[in-house]
Amino acid sequence: MTGRERIERALRGERTDVVPVMLHNFMMAAREEGVTMRRFRSDPDALARSFIGAVERYGYDGIIVDVDTVTLAAALGVPVDEPVDEPARVRGGMLDDLDGVRGLRPVDLRESPRVRVWLDGVRLLRRHFGDRMFIRGNCDQSPFTLASLVRGMDRWMMDLTEPEREADVRALLEYCAGATLQFIRLMAETGADMTSNGDSVAGPELVSPAVFRRYALPHDRRCAEESHRLGLPYGLHICGNTSAILGDMVASGADALDLDYKTDAVRARAALGGGTTFIGNIDPSGVLALGTPALVESATLGLLRCFAGTPRFILNAGCAIPPVTPPENLLAMIRTARRFKGEVRP
């Protein structure tokens, strides 16, 4: 069974030969290939070469093509910093006055060099691996989180508390949805097997579940629907402890939830039921980056046993894997999954 087949089956709730593994390891992949993050985000050949090298070293099943969390924001005009060997980051919002939302003009993402790196990188990976590897094309930020980058985090949080600004808040969300949905459509043209987005600003560690349901969830649902319209499964990631909104995340229609290590796996399994696939959620820092192979094996076994009996499970870290992660720790996680003899499928 190929890696692509394993991931596809897990997303459909069908049995696999071994536990499938999909890694959020773009920073580690670049570091091990000797590629700086500046080059990684600007050169699709370097991006593809980094992932190809990682697959050859670790033998996993699914690639998550990710670059940073500000590509869409930068394409819309938000100023960003570009460290040589760290992912790019925003330098504040670009919309000082929310009244200015009506003057924002749509952007053609095909003209963004940053976006093209993601798209061309996926095309190169598809060409290299053919049908052997599952390729998940991340599409940067969901509309709610993208709006926080356009507006600026502090101002966005204040906007959400002012009922008289609701019309403008929704106008900004609609503007950002146009960019996110456009990215999903462009990604679907690359040969990717799946699309996904992050919406971490919408999580319970930053806003209430009520705010999530009112403002973020409708747009997360639109993203899933657009991916499905294009014939691709969809994944949603929200950082932090998402226990309070797991049912809502399932209601988004996402085929898989890529969950942070802070979310309790037992509660997640119960909430996801038999219709949504769990991706995650080993602690990327405390266990993978800073732990020992023995600790990694123990944590991985605990997670595998938690999901024994359901095929809707894909092993991954609970967020992006740090670039300083010891190779032996990542190998221990994958080796433990490959050797697991528990009841992981019906």
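The values are calculated or read from the model by the stated rules, or taken from the named source; none is laboratory data. Every value quoted in this text rests on a predicted model; they were computed, and no experiment measured them. In this analysis, Cβ positions are derived from the backbone assuming ideal geometry, glycine residues included, and neighbour counts consider all displayed protein chains. The protein model used for the area step is the full one, side chains on, heavy atoms only, and it has no ligands, DNA or RNA in it. Shrake-Rupley method; radii C 1.70, N 1.55, O 1.52, S 1.80 Å.
Only helices (runs of 4 or more DSSP H) whose full extent lies in the range 78-168 are considered here, and the ones with at least 3 residues that are open to solvent by 50 Å² or more (accessible area, probe 1.4 Å) and farther than 28 Å from Gly191 by Cβ are 153-159. Taking the listed residues Thr180, Thr190, the one that is touching an Asp or Glu at 6+ places or on another chain (Cβ under 9 Å), in a loop (DSSP other than H, G, I, E, B), in contact (Cβ under 8 Å) with a residue 60 or more places away in the chain and within 30 Å of Arg126 (Cα to Cα) is Thr190, with no other qualifying. Going by what's in this entry, would Ala73 be described as more than 23 Å from Asp199 (Cα to Cα) and aliphatic (A, V, I, L, M)? For Ala73, the condition - more than 23 Å from Asp199 (Cα to Cα) and aliphatic (A, V, I, L, M) - is not met.
Got a number for residues in the range 193-210 being of a type in the set (Val, Ile, Thr) and either farther than 16 Å from Arg151 by Cβ or not in a loop (DSSP other than H, G, I, E, B) (or both)? Count: 2. Selection of first residues in the range 267-281 that are on the phi < 0 side of the Ramachandran plot and among the charged types (D, E, K, R) and of second residues that are buried (at least 23 other Cβ atoms within 10 Å of the Cβ) and in a strand (DSSP E or B), restricted to Cβ pairs under 9 Å at least 6 apart or on distinct chains, gives the following pairs, ordered by first then second residue: Arg269/Phe278; Arg269/Phe313. Of all residue pairs spaced 6 or more apart or on separate chains, those with beta-carbon atoms under 6 Å, a first member in the range 210-230 that is over 16 Å from Ala179 (Cβ atoms) and a second member that is open to solvent by less than 60 Å² (accessible area, probe 1.4 Å) and polar (S, T, N, Q) are Arg221/Ser252; Ala224/Ser252.
Count of the range 62-77 residues, restricted to those that are in contact with a strand residue (DSSP E or B) (Cβ under 7 Å, 6 or more places away or on another chain) and either of a type in the set (A, V, I, L, M) or open to solvent by 60 Å² or more (accessible area, probe 1.4 Å) (or both), is 8.
In the range 225-239 there is at least one residue that is on the phi > 0 side of the Ramachandran plot, part of a loop (DSSP other than H, G, I, E, B), small (Gly, Ala, Ser) and out of contact with any Phe, Trp or Tyr (no Cβ under 7 Å at 6 or more places or on another chain).
Is it the case that the range 311-326 has a residue that's of a type in the set (Ser, Thr, Tyr), buried (at least 19 other Cβ atoms within 10 Å of the Cβ) and under 22 Å from Ala224 (Cβ atoms)? Checked against the condition, which is being of a type in the set (Ser, Thr, Tyr), buried (at least 19 other Cβ atoms within 10 Å of the Cβ) and under 22 Å from Ala224 (Cβ atoms), the range 311-326 yields no hits at all.
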